[in-house]
Amino acid sequence: MTARQPAFVLHDHQKPRPHYDLRLEEDGVLKSWAVPRGLPTEPDANRLAVAVTDHAMEHLSYHDDEKSIADTGWWEQNDRNDHRLVFTLHGAGPARRYALIHTGGPNWLLHLTKDQPTA
């Protein structure tokens with residue numbers, strides 16, 4: 001029997017201003033970052049990610065008139081230390097590997113890594 005993989009959800013928010021929330025399941029909650037410009041699509045297009053309050057697991061499927069689910073699936077940790085988390089998202093499209101790099105306070109840098117998983 002294989003263990004269940006931790007889930008993720010990417011929410012597309014319309015208010016108070018358009019942004020995305022990346023939520024990764026960990027320790028029974030969804031660790032969350034607001035990403036004003038969305039996930040990077042190229043390795044040289046880094047994005048600000050602001051850590052926000054953890055959310056309950058019910059947010060994996062939550063949506064309303066102002067919040068929709070842009071992607072959902074599972075994630076795997078590839079590397080981690082006190083200042084960086086490297087992870088792969090397995091969602092609707094091809095798997096993509098990212099790094100969250102802590103830059104101080106609530107601010108993180110979300111980076112699409114150059115080395116991507118192979119199909």
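Build a GNM of the chain with springs between Cα atoms under 10 Å apart, and of Asp54, Asp79, Asp12 the one that fluctuates most is Asp79.
Here's the picture: charge each Lys and Arg Cβ at +1 and each Asp and Glu Cβ at -1 in the stretch 3-108, and of Leu48, Thr72, Leu60 the one pushed furthest to the positive end of that dipole is Leu48.
Using a Gaussian network model of the chain in which every pair of alpha carbons under 10 angstrom is joined by a spring, one finds that among Asn81, Asn46, Asn107 the greatest mean-square fluctuation is at Asn81.
Taking 0.890 mPa s as the viscosity and 25 °C as the temperature, the Stokes-Einstein diffusion coefficient of the chain based on its alpha-carbon Kirkwood radius rounds to 169 µm²/s.
Residue by residue, the stretch 31-43 carries 3J(HN,Hα) couplings of 5, 10, 9, 7, 10, x, 9, x, 5, x, 10, 9, x Hz when phi is fed to the Karplus relation 6.51 cos²θ - 1.76 cosθ + 1.60 (θ = phi - 60°); x denotes Gly or Pro. Charges were assigned to the Cβ only: +1 to each Lys and Arg, -1 to each Asp and Glu. The resulting dipole of the chain about its Cα centre is roughly 280 debye. Restricting to DSSP loop positions (anything but H, G, I, E, B) with no more than 16 other Cβ atoms inside 10 Å of their own Cβ, which chymotrypsin sites (Phe, Trp or Tyr not before Pro) remain in the stretch 7-68? Of the chymotrypsin sites (Phe, Trp or Tyr not before Pro), the ones in loops of the stretch 7-68 whose Cβ has at most 16 other Cβ atoms within 10 Å are Tyr62.
For Lys31, the lysines whose Cα falls under 22 Å of its own Cα, not counting residues fewer than eight places away in the same chain, are Lys15, Lys67. Taking His83, His59, His19 in turn, the Gaussian network model of the chain (Cα-Cα springs below 10 Å) assigns the largest fluctuation to His83. For Thr88 and Glu58, the difference between the fully extended length at 0.36 nm per residue and the C-alpha to C-alpha distance is 8.6 nm.
Every read-out reported here was derived from the displayed coordinates using simple, explicitly stated rules and does not represent laboratory data. For clarity, every value in this text was computed on a predicted model and none was experimentally measured. We place every Cβ from the backbone using ideal geometry, glycine too, and count neighbours over all the protein chains shown.
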